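Worksheet for the structure shown next.
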Amino acid sequence: MTESRTAKYKVITDDVGYRFIFYCDISDAHVCTTSRIYHGNSEKEALLVAWQTEGREHFNRCHKCGRWVIDAVYNAEVLECVECAPYEAEPKYCKNCGTKIEGYFKICSCCGKKLIYEGSAASNDTKGSV
Ligand SMILES: [Zn+2]
Ligand SMILES: [Zn+2]
């Protein structure tokens, strides 16, 4: 199956072929400019080759919305962009007794209830598996 969608890009055309500049779909940050010149029957064809060869490896794909984003706006724990899966804030108050939590504690200093840190249970590092 061919990946037909790429991140945002700009094309630089000259008489020998195409070069591409890729940008993050969310932050618009400049991610990479292809070092090679790509040839193809069309810009689209050259783009796909350039993307597969040089662009894609710099990006993470959100499994929810399908956008290509850089590490800074990618929540790797759930494989989604931060717009689909914002980083969970640490709990500020105990959900049981309401005591204010200062610092990183696993157990409430007041009632002894375990504090829930969203996302902390995920500990798989199977990045790169298909
Ligand atoms: Zn997303
Ligand atoms: Zn408590």
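The values are calculated or read from the model by the stated rules, or taken from the named source; none is laboratory data. Since the model is a prediction, treat every value here as computed from it, not as a measurement. Cβ placement follows ideal geometry from the backbone for every residue including glycine, while neighbour counts extend to all protein chains displayed.
Yes/no per residue for (1) within 13 Å of ligand 1 (Cβ to nearest atom); (2) out of contact with any helix residue (DSSP H, G or I) (no Cβ under 8 Å at 6 or more places or on another chain); (3) not assigned by TED's automatic domain parsing to the domain that holds Leu115:
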{"site": "Glu54", "(1), (2), (3)": "no, yes, yes"}
{"site": "His63", "(1), (2), (3)": "yes, yes, yes"}
{"site": "Val73", "(1), (2), (3)": "yes, yes, yes"}
{"site": "Glu77", "(1), (2), (3)": "no, yes, yes"}
{"site": "Lys92", "(1), (2), (3)": "no, yes, no"}
{"site": "Lys95", "(1), (2), (3)": "no, yes, no"}
{"site": "Lys100", "(1), (2), (3)": "no, yes, no"}
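Working only within the range 99-109, note down all residues that are more than 7 Å from ligand 2 (Cβ to nearest atom) and either at pLDDT 80 or above or surrounded by 12 or more Cβ atoms within 10 Å (Cβ to Cβ) (or both).
Correct list: Lys100, Ile101, Phe105, Ile107, Ser109.
Are any residues in the range 17-48 out of contact with any helix residue (DSSP H, G or I) (no Cβ under 8 Å at 6 or more places or on another chain) and part of a loop (DSSP other than H, G, I, E, B), and if so, which ones?
Asp25, Asp28, Ile37, Asn41, Ser42
Filter the range 79-96 for residues that are in a loop (DSSP other than H, G, I, E, B) and modelled with pLDDT under 90 and give the result.
Ala85, Pro86, Tyr87, Glu88, Ala89, Glu90, Pro91, Lys92, Cys94, Lys95, Asn96
Could you grab me the full set of residues in the range 110-122 that are modelled with pLDDT of 85 or more and of a type in the set (Gly, Ala, Ser)?
Listed by number, the list holds a single entry, Gly112.
When you scan the range 2-16, how many residues do you find that are assigned to a strand (DSSP E or B) and at pLDDT 95 or above?
Summing the residues that are assigned to a strand (DSSP E or B) and at pLDDT 95 or above in the range 2-16 gives 5.
May I ask you to say which residue of Val31, Val78 is out of contact with any Phe, Trp or Tyr (no Cβ under 8 Å at 6 or more places or on another chain) and of a type in the set (Val, Ile, Thr)?
Among Val31, Val78, only Val78 is out of contact with any Phe, Trp or Tyr (no Cβ under 8 Å at 6 or more places or on another chain) and of a type in the set (Val, Ile, Thr).
Here's the yes/no breakdown for (1) surrounded by 14 or more Cβ atoms within 10 Å (Cβ to Cβ); (2) modelled with pLDDT of 95 or more; (3) aliphatic (A, V, I, L, M):
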| position | (1), (2), (3) |
| --- | --- |
| Cys24 | yes, yes, no |
| Tyr38 | yes, yes, no |
| Ser42 | no, no, no |
| Val69 | yes, yes, yes |
